[in-house]
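The values are calculated or read from the model by the stated rules, or taken from the named source; none is laboratory data. Given the structure is predicted, the values throughout are model-derived calculations rather than measurements. Please note: Cβ atoms are built from the backbone with ideal geometry, for glycine as well, and neighbour counts cover all protein chains shown. Heads up: the accessible areas ignore ligands, DNA and RNA and are worked out on the full protein's heavy atoms, side chains in. Shrake-Rupley method; radii C 1.70, N 1.55, O 1.52, S 1.80 Å.
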There are 4 protein chains.
Amino acid sequence: MANPDGNTAHAAPVEPPEPFAPPAARDRRPAPTARVGRPRDQTRDGDILDAARAELAEHGYARMTMAGVAARAGAGKATVYRRWPSKAELVIDTIACTGHGAPRLDDVPDTGSLRGDLAALRGLKHKDEGVWEALAGIAAELQHSPQLAAVADERLVRPRVAVVRGLLARAAARGELAPGLDLDLIAQVPAAMVACRLVMGREPVDAAFLRSLADDVLVPLATGCPAARERPEDRPAR
Amino acid sequence: MANPDGNTAHAAPVEPPEPFAPPAARDRRPAPTARVGRPRDQTRDGDILDAARAELAEHGYARMTMAGVAARAGAGKATVYRRWPSKAELVIDTIACTGHGAPRLDDVPDTGSLRGDLAALRGLKHKDEGVWEALAGIAAELQHSPQLAAVADERLVRPRVAVVRGLLARAAARGELAPGLDLDLIAQVPAAMVACRLVMGREPVDAAFLRSLADDVLVPLATGCPAARERPEDRPAR
Amino acid sequence: MANPDGNTAHAAPVEPPEPFAPPAARDRRPAPTARVGRPRDQTRDGDILDAARAELAEHGYARMTMAGVAARAGAGKATVYRRWPSKAELVIDTIACTGHGAPRLDDVPDTGSLRGDLAALRGLKHKDEGVWEALAGIAAELQHSPQLAAVADERLVRPRVAVVRGLLARAAARGELAPGLDLDLIAQVPAAMVACRLVMGREPVDAAFLRSLADDVLVPLATGCPAARERPEDRPAR
Amino acid sequence: MANPDGNTAHAAPVEPPEPFAPPAARDRRPAPTARVGRPRDQTRDGDILDAARAELAEHGYARMTMAGVAARAGAGKATVYRRWPSKAELVIDTIACTGHGAPRLDDVPDTGSLRGDLAALRGLKHKDEGVWEALAGIAAELQHSPQLAAVADERLVRPRVAVVRGLLARAAARGELAPGLDLDLIAQVPAAMVACRLVMGREPVDAAFLRSLADDVLVPLATGCPAARERPEDRPAR
DNA sequence: GAATAACCGAGACGGTACGTCAGGTCTTGCT
DNA sequence: AGCAAGACCTGACGTACCGTCTCGGTTATTC
């Protein structure tokens, strides 16, 4: 998947040694060996990603075209393909570099409770718009390309799951959690729920849903008892 | 989205209010107007949908071709396009008519416990092959077609969620469940987890995963305590 | 090429035993055997031919469609194909039946000289418009279908050549002709010249051309000396 | 009709005033504007035209397919359509570039008599294979495309007529010809006869026919007396 | 007069070519 | 050697037409 030369944009997709590593901004190694010839114009990467983001938002994955991205970026198609080997991977990186990437565990203050931590996470306002939509766009490709699936998992899914996993680890350290839980599995639940709802597009993924996801699913699941509600009135009437 | 004439294959796809409605065989109104000329060969619809389903499962949405569907159905492309105006709409109906294999609540014996019921559900061997793969294939289109999303939700997702929801209702009647849970939300968890794992294609959706999903996620979440294990050794060592 | 039943429109393409037979109006034998069942509606033939003629004039051979002919005739495609086995053959008969067919030798008065007879022939105003254009339309098919070529030759070319051949025979009887000529070959010259000019469409086939064809080609060729000009001024200045 | 850009393949196909102009190699103007980007691969033009010529001769216009042409040329359909906007226009240029085989007047030795010159012309073995077949193939299109007709006339018909016209001029200089003949018209006779016979496909265009055309039509017509036969026995018995 | 058989208009059917368009690669001339 | 431009091949798309087949209904001949 990576370019033959090591100069690719996501040559080492992130590979966090520790599971809670930051989402790893795309590394721009200035080239392992001093290459001859004209060096790459690093500014083109950003231009292309910006163009890709715009085209993606405007047309969606299926109707976005590489020629359109290149034209909007004022680049040639070869310049795009020199950096990303396929449309799917360009989209992955486009999304991975959206906003400031997935939230980092360090950014979530320790509120003293899992429920509080999750609320703090929700407050981070990481710009996830488009992440799951893009994943939906390339979903069909994932079936047939394990490499692409690996990259998508690495850059889109894993960082977001990892944050939740980290909060669960914090809670475990606090002794909040019920014993014998499969925290790795549990940590995947919120991402899966959000992704499915976004892909189906039938119900909004709004603050109420996210809170419900935390308070009605994750906290009860992890702690073994329904989340203590500070304000009973924020419990949605059903 | 539907066929131009009112003879659409999924004339009323979205409105079954009761969640356990049958998969709704495609209604074949005997023609609203007395048509002249050679009538449509109704058997071609089924042949084409079968072919489309097979091609979809085999190649995914992007790589499935209309010519391939027509050839597999022994039909001409015109016969396909006479019924569905585009590839996306053919897939809509293909999805809409898939799901006969969705398990029905009545098929799940009441074992006396949620955990047992879930195990029984897993044993039903419902014909889910290709359902989630098909969903992945059209995921990109869901963004731009509310109709497609509605049909996919109705035919693929909702019936499967509904069965779990029914088992949760049974458990609630037994008094197994912790109070104050959002059962509608909880019931979505397994489908979301399965769908995501299938789409990513990185880890298998095997019996062990499904059991873990039931015993390590759904039962603890619903009952407030980890599932009692009959055989401790089937608890995966972690 | 003919229909299996003898009821076809051009079942016995004409087969003039004597070479100067009339162009043979399409024979409508009332059926060799007394057939049971509903007889063909003979009026449909004329309607279809009229429609075909109109469509041919309007769109040309390539863009004329059988469905369009049938629709204009108020007939079904099957009714057309029951009478003519292909588009090409329908066009052949359409042309063969245009106007009152090719001129007949009997219609050309004996003026006492070949030159005069040819002038009389030109004055007959047979409606040949479209004959050679139609032949051009099916020219490509002729390459690959000897049967079609036979029909076209029989119904379109031969009758017109035969008239000239008849006039040459008259002239021979008068003793006008030079000895030792291949009259069958010579009789083909005018048709070939007209056909080529019409097909190429670059120069008009007008009265001047036809007169020049007779006076500057056929008469000199057949009689061995340039045609005596009654009016020298009608000799085109070149 | 020409390519949208001025880089057309037959930019000036019609204007050679002198009738014996060379077949006019397709002019390749080095591009009117300094184009950026990858330049057209000029070798593809020739490959495609060769393939088109072969397909045209093999299948005729109607059965020749653009996909077949592209495949035979080892090109993509887009490459063909980038150069010619339609099948008809590709055939126009194919015809325009065919005719290298047309004999030139200079190639016909002066034998001292019209009859001898015509025999020498027949012996030239010019590469006419496919020329008249191609003309037949596109005959239907000629009706609707003056450009196509112009090109076909210019490239296929006119050069061949011109050679005969040149031989007639030689004969006139020798004093062989009867006075007052329309040589331009007479020169068209052989081409018309050959074309018609080839299109009808009913009788072969063989050496005997060509000789008969010269000796029984053209020579008597031009000289006013039947061709003197060296060997009386080669006069066909009739 | 009823049965029969072929007709009729309408249009769906399988097939095939058309002309368009996108993805991903390669080739120019320039920097 | 990178870069912008764009030509290249591949292959799917959706449309149109041909010639065949099938429907429900009609109409003359035959028993």
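So what are the ³J(HN,Hα) numbers for the range A:188-196, from phi and the Karplus equation (6.51, -1.76, 1.60; θ = phi - 60°), rounded to whole Hz, Gly and Pro as x?
For the range A:188-196, the Karplus-derived couplings read 7, 4, x, 4, 4, 5, 5, 4, 4 Hz, x marking Gly and Pro.
Relative to the Cα centre, what is the charge dipole magnitude of the range C:88-228, using +1 at the beta carbon of each Lys and Arg, -1 at the beta carbon of each Asp and Glu, and rounding to the nearest 20 debye?
Around 280 debye, computed over the range C:88-228.
Under a 5 Å amide H to amide H cut-off, with H placed in plane at 1.01 Å, what residues pair with residue C:111 once short-range neighbours are removed?
Residues meeting the criterion, in which the H sits 1.01 Å from N, are C:117.
Just add up the charged neighbours of residue B:148: K/R +1, D/E -1, any other residue whose Cβ is under 14 Å from the Cβ of residue B:148.
With Lys, Arg at +1 and Asp, Glu at -1, the neighbours total -2.
For peptide D:208-221, how many partner chain Cβ atoms fall within 10 Å of a residue's Cβ, on average?
Average per residue, whole number: 3.
Given the pairs C:87/D:77; A:87/B:87; A:77/D:77, which span a C-alpha to C-alpha distance of over 24 angstrom in this model?
Checking Cα-Cα distances, C:87/D:77 exceed 24 Å.
What are the nm distances, shortest first, from residue D:59 to its equivalents in the other copies, labels at 7 Å along Cα→Cβ?
Ordered by increasing distance: 2.2, 2.2, 3.2 nm.
What does the highest-first list of A:115-124, C:184-193 look like by mean Cβ count within 10 Å?
My ranking of the peptides, most packed first, is C:184-193, A:115-124.
Using alpha-carbon positions, what is the distance between the centroids of the range B:35-105 and the range A:157-182, in Å?
Taking the Cα centre of the range A:157-182 as reference, the centre of the range B:35-105 is 45 Å away.
Under 5 Å between amide H atoms, partner at least 5 residues away or on a different chain: which partners does residue A:224 have, H built in plane at 1.01 Å?
Here the answer is A:178, since their amide H atoms fall under 5 Å of that of residue A:224.
Considering only the label points, 7 Å along Cα→Cβ from Cα, what distances in nm to one decimal separate residue B:107 from the same position in each other copy, shortest first?
Those separations, rounded to one decimal, come out as 4.5, 7.9, 7.9 nm.
Please calculate how many Å² of accessible area the range C:42-83 carries per residue, with a 1.4 Å probe and no DNA, RNA or ligand atoms counted.
Per-residue accessible area for the range C:42-83 comes out at 47 Å².
Using the basic label-point model (7 angstrom from Cα toward the beta carbon), what is the residue A:62 to residue A:86 distance in nanometres?
Inter-label distance under the simple model: 1.8 nm.
Counting only protein heavy atoms and rolling a 1.4 Å probe, how much accessible area do B and A lose on contact, total for both sides, in Å² to 100?
In total, this chain pair buries about 3800 Å².
Let me have the relative contact order for the range B:38-178, percent, based on Cα pairs under 8 Å that are six or more residues apart.
Normalised by residue count, the contact order of the range B:38-178 is 27 percent.
Run the numbers on the range B:44-127 and let me know its relative contact order in percent, using alpha-carbon pairs under 8 Å that are six or more apart.
The normalised contact order for the range B:44-127 reaches 26 percent.
So what are the ³J(HN,Hα) numbers for the range B:169-182, from phi and the Karplus equation (6.51, -1.76, 1.60; θ = phi - 60°), rounded to whole Hz, Gly and Pro as x?
Karplus values, whole Hz, x for Gly and Pro: 4, 4, 5, 4, 4, 6, x, 6, 8, 5, x, x, 8, 8.
Taking K and R as +1 and D and E as -1, what net charge do the other residues with C-beta under 10 Å from the C-beta of residue D:58 add up to?
Taking every Cβ under 10 Å from that of residue D:58, the sum is +1.
Gain in length, residue D:41 to residue D:209, computed as 0.36 nm per residue apart minus the alpha-carbon separation, to one decimal in nm?
Value of the extension gain: 56.0 nm.
Calculate the mean, over all residues of peptide B:111-122, of how many other protein chain Cβ atoms lie within 10 angstrom of the residue's Cβ.
0
Measuring nothing but label to label, 7 Å from Cα along Cα→Cβ, what are residue C:123's distances to the other copies in nm, shortest first?
In ascending order, 5.0, 10.7, 11.1 nm.
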